[in-house]
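Asker: I'd like to ask some things about the structure below.
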């Protein structure tokens, strides 16, 4: 008898639950003209990607309802608008007659700067549209797409750049080129220094052949975002030739690439006061170009 009563009680409770669920009203969308929504709510892309992202603006209706084209307005928000392009750039996109979607094209810009990841928000606008936005026209879901640009550049940290670097240059082959220049970098207090600029050419036994007897460091101010720097007109070394001492100076520019730990230098060499050394070789205005990586 107790088991029978328990089964009857269980059946009554289960039936009550079913009835209660059936009495809950269903969700009804009142969108006789359809609605528009975004297909991707989140995505990411590498900064150096050559393939853009497409964000589809979709029409939630039938082809037969789209007889005159559908205009959708959208906004683009980000803390840095220089790192990407969006097309159409007007903030208005048209779904053609008889179509159910149109694409916004998002293209990142590889800026070679270590500036971190960036979020970009593309949002459908409720203003200016003749049909409601969002899933079911409720204006809540599928109205925003967040795209994250993933930075592919490396941070420049001066302390990690200290060391010895070597590489090649563009010196003329008939005069012993290309040479194998070397530099040493160091930090003295707040100053970042390079020693060795021009030494490979000055000591080149195939042409100049002047041993360096006194070294000097060149202090440079590196842009910690771009890696670029200027080489001011600066004394770089003293050599000896036929018993006489000669002072040399360098002037130019350079760039440091943090991801590959590489320096690129472009400079001219001078005698004081500001006489172009390359002129003596018959190449006035010659610019030495060197690529140097950590040893």
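Asker: Looking only at the range 85-117, filter to residues that are in contact with a helix residue (DSSP H, G or I) (Cβ under 7 Å, 6 or more places away or on another chain) and either at pLDDT 95 or above or surrounded by 15 or more Cβ atoms within 10 Å (Cβ to Cβ) (or both); which one of those is farthest from residue 262 (Cα to Cα)?
Answerer: Applying the filter and picking the extreme gives 100.
Asker: Which ones in the range 234-292 are under 19 Å from residue 174 (Cα atoms), in contact with a strand residue (DSSP E or B) (Cβ under 6 Å, 6 or more places away or on another chain), in contact (Cβ under 8 Å) with a residue 24 or more places away in the chain and not in a strand (DSSP E or B)?
Answerer: Those that are under 19 Å from residue 174 (Cα atoms), in contact with a strand residue (DSSP E or B) (Cβ under 6 Å, 6 or more places away or on another chain), in contact (Cβ under 8 Å) with a residue 24 or more places away in the chain and not in a strand (DSSP E or B): 277, 287.
Asker: Something else about it: Somewhere in the range 129-144, is a residue within 30 Å of residue 224 (Cβ to Cβ) and either out of contact with any strand residue (DSSP E or B) (no Cβ under 9 Å at 6 or more places or on another chain) or buried (at least 16 other Cβ atoms within 10 Å of the Cβ) (or both)?
Answerer: Scanning the range 129-144, I find no residue that is within 30 Å of residue 224 (Cβ to Cβ) and either out of contact with any strand residue (DSSP E or B) (no Cβ under 9 Å at 6 or more places or on another chain) or buried (at least 16 other Cβ atoms within 10 Å of the Cβ) (or both), so the answer is no.
Asker: Provide a single number: the residues in the range 99-119 that are assigned to a loop (DSSP other than H, G, I, E, B) and under 13 Å from the mean Cα position of the chain (by Cα).
Answerer: Number satisfying all stated conditions: 9.
The values are calculated or read from the model by the stated rules, or taken from the named source; none is laboratory data. Since the structure is predicted, the reported quantities are computational estimates derived from the model, not experimental observations. In this analysis, Cβ positions are derived from the backbone assuming ideal geometry, glycine residues included, and neighbour counts consider all displayed protein chains.
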